[in-house]
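Structure first, then comments.
The values are calculated or read from the model by the stated rules, or taken from the named source; none is laboratory data. Predicted model only: the values in this text are computed from it and were never measured. Cβ placement follows ideal geometry from the backbone for every residue including glycine, while neighbour counts extend to all protein chains displayed.
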Amino acid sequence: MLLEIFIIVKESSTLLLHRAFTKKKIDVDGQLFSGLISAISMFFSELKMGQVNSFEIGAQRVLISPYEGIVIVGVVEEQKEAQFVQNSLKKIGEKFWLEFKELLTKWDGEISPFKSCESKIDNIVYSEFAKSYISAHFPKKMIGVVRQFQNIFEKPIVRYIGLKVGDERSKHIKMSKNLKNKLHKELDLFSINKITERSENEIIIEVKMCPFCRKIKNVEFNCDFLAGFIEGFAMQCLPNKAIEVIETDCIAHGNEACVFNLSIK
Ligand SMILES: [Zn+2]
């Protein structure tokens, strides 16, 4: 997983933006780190050894992705994910450069304008994660991966990733007019127990043996991924409606089942 990124000006090695994506904070001085990256890059290019693309520090891997006048540096935890993270870095570079290239030509050193790009960067990182890491291997390994990342990310992020995966899954399933039937077919994977259509605008989904809650005790509700998944799935099925999914019971919280209330407006 991509833990953090640094966006640096290629020429001056000034740090423009530093963003962390997980609860794990590396706690590094961004400006000092930017200087280090530039020094390493310069050292190797002066030795005519070509461009450095990555190096390792302890258990972490640092990926360097130059784009036009900027360099995107990513810190990654596991090495095997490097390829999909490279895609994210490239997309971030393109987006950031497109947005700020003019500002950067007459830049006064004020870094606050770059903050406006944070949510777009988050979207790229979490969408790539959902697509390359979960949807691509669906349903194989999915439960294990979700159980792992629901501890790494903040709750709204877990929900967002669920939403992206649900949206992606819904596109793959043959259109059926009935959302309830469609949900039933898809959610069987999560040991779905019961789906009740309370009214035209309200569906209750009960998961008796929730794989995301097994052996977990939590004061808060735990199933943000599944709530997001159902929401994304329903949104794709009913694009002209406003969909809202709320988890009203959760096994991890001590209830008998995880229950989701899906409302359609
Ligand atoms: Zn739950």
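Worth a mention:
- Filter result (outside any loop (DSSP other than H, G, I, E, B) and touching a residue at least 60 places away in the same chain (Cβ under 8 Å)) within segment 64-92: Ile70, Val71, Ile72, Val73, Gly74, Val75, Val76, Glu81, Val85, Ser88, Leu89, Ile92
- Flag set for Gly232, criterion: closer than 25 Å to Met1 by Cβ, small (Gly, Ala, Ser) and away from the ligand (no atom under 16 Å from the Cβ).
- Qualifying position, being more than 12 Å from the ligand (Cβ to nearest atom) and assigned by TED's automatic domain parsing to the domain that holds Ala257, among Lys208, Lys180: Lys180
- Any hit, segment 158-179, residues being crowded, with 21+ Cβ neighbours inside 10 Å and touching a Pro at 6+ places or on another chain (Cβ under 7 Å): no
- Positions within segment 235-250 being part of a helix (DSSP H, G or I) and either within 20 Å of the chain's Cα centre (by Cα) or surrounded by 24 or more Cβ atoms within 10 Å (Cβ to Cβ) (or both), in sequence order: Met235, Gln236
- Any hit, segment 70-79, residues being closer than 22 Å to Val125 by Cβ, surrounded by 15 or more Cβ atoms within 10 Å (Cβ to Cβ) and over 22 Å from the mean Cα position of the chain (by Cα): yes
- If you go through segment 110-125 and pick out every residue that is more than 14 Å from Tyr160 (Cβ to Cβ) and without any contact (Cβ under 8 Å) to a residue 60 or more places away in the chain, you end up with 4.
- As for segment 42-51, it holds at least one residue that is farther than 30 Å from His172 by Cβ, in contact (Cβ under 8 Å) with a residue 12 or more places away in the chain, of a type outside the set (Phe, Trp, Tyr) and surrounded by fewer than 18 Cβ atoms within 10 Å (Cβ to Cβ).
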